[in-house]
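K.L.:
The following block contains the structure, expressed as structure tokens.
Here, each number is a calculation from the coordinates, and none is a lab measurement. All values derive from a computational prediction rather than experimental measurement. Positions of Cβ are generated from backbone atoms using ideal geometry, with glycine treated the same way; all protein chains shown enter the neighbour counts.
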Amino acid sequence: MIWVKMIIAGVVTFLTRFLLINLIKKDSLSERTKIVLSYVPSAVFPAIIFPAIFLSSNGTFIIDHNAKIIGAIAAVLIGYLSRNVVTTIILGLLVYWFYIFIIL
């Protein structure tokens, strides 16, 4: 029974997002709206990433001995220099794990 509920919830979630995206025709949006909407991913991404890096599981701000900050800084630098997503992910994780298992 739980699987049926999960599948129904997934289908409803998919349909609400898919239909809204497909019902809006790109030609009906003004150029100004298209420009404004192009900034949405870069505005949402930090809002998702910031709590994962700087907040603990109970919601307190952690800056001392935070391996996530070191990994994030390394990933930003590697991403800027390499311009390669896979390289950024792998090396960022390696720096994060090195800091956790070797330094801390």
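K.L.:
Quick check: anything in segment 40-53 in a loop (DSSP other than H, G, I, E, B) and out of contact with any Leu (no Cβ under 9 Å at 6 or more places or on another chain)?
P.N.:
First, pick out the residues of segment 40-53 that are in a loop (DSSP other than H, G, I, E, B): none.
No, the conditions are met nowhere in segment 40-53.
K.L.:
Consider only pairs whose beta carbons are under 6 Å apart and that are at least six residues apart or on different chains; among these, list those whose first residue lies in segment 70-81 and is in contact (Cβ under 8 Å) with a residue 12 or more places away in the chain and in a helix (DSSP H, G or I) and whose second residue is crowded, with 19+ Cβ neighbours inside 10 Å and among the small types (Gly, Ala, Ser).
P.N.:
Hits for this filter: GLY71/GLY92; ALA74/GLY92; ALA75/GLY92.
K.L.:
Also, I was wondering about something else. Being exposed (fewer than 10 other Cβ atoms within 10 Å of the Cβ) and in contact with a strand residue (DSSP E or B) (Cβ under 9 Å, 6 or more places away or on another chain) is the requirement here; does PHE54 meet it? Steps first, please.
P.N.:
On the way: exposed (fewer than 10 other Cβ atoms within 10 Å of the Cβ): no; in contact with a strand residue (DSSP E or B) (Cβ under 9 Å, 6 or more places away or on another chain): yes.
No, not satisfied.
K.L.:
If you don't mind, there's one more thing I want to ask. Given ILE63, ILE69, which one is under 22 Å from the mean Cα position of the chain (by Cα), within 22 Å of LEU91 (Cβ to Cβ) and of a type in the set (A, V, I, L, M, F, W, C)? Reasoning before the result, please.
P.N.:
On the way: ILE63 fails: within 22 Å of LEU91 (Cβ to Cβ).
Every option except ILE69 fails the conditions.
K.L.:
Going through segment 54-104 one residue at a time, which ones are of a type in the set (D, E, K, R) and touching a Phe, Trp or Tyr at 6+ places or on another chain (Cβ under 8 Å)?
P.N.:
LYS68
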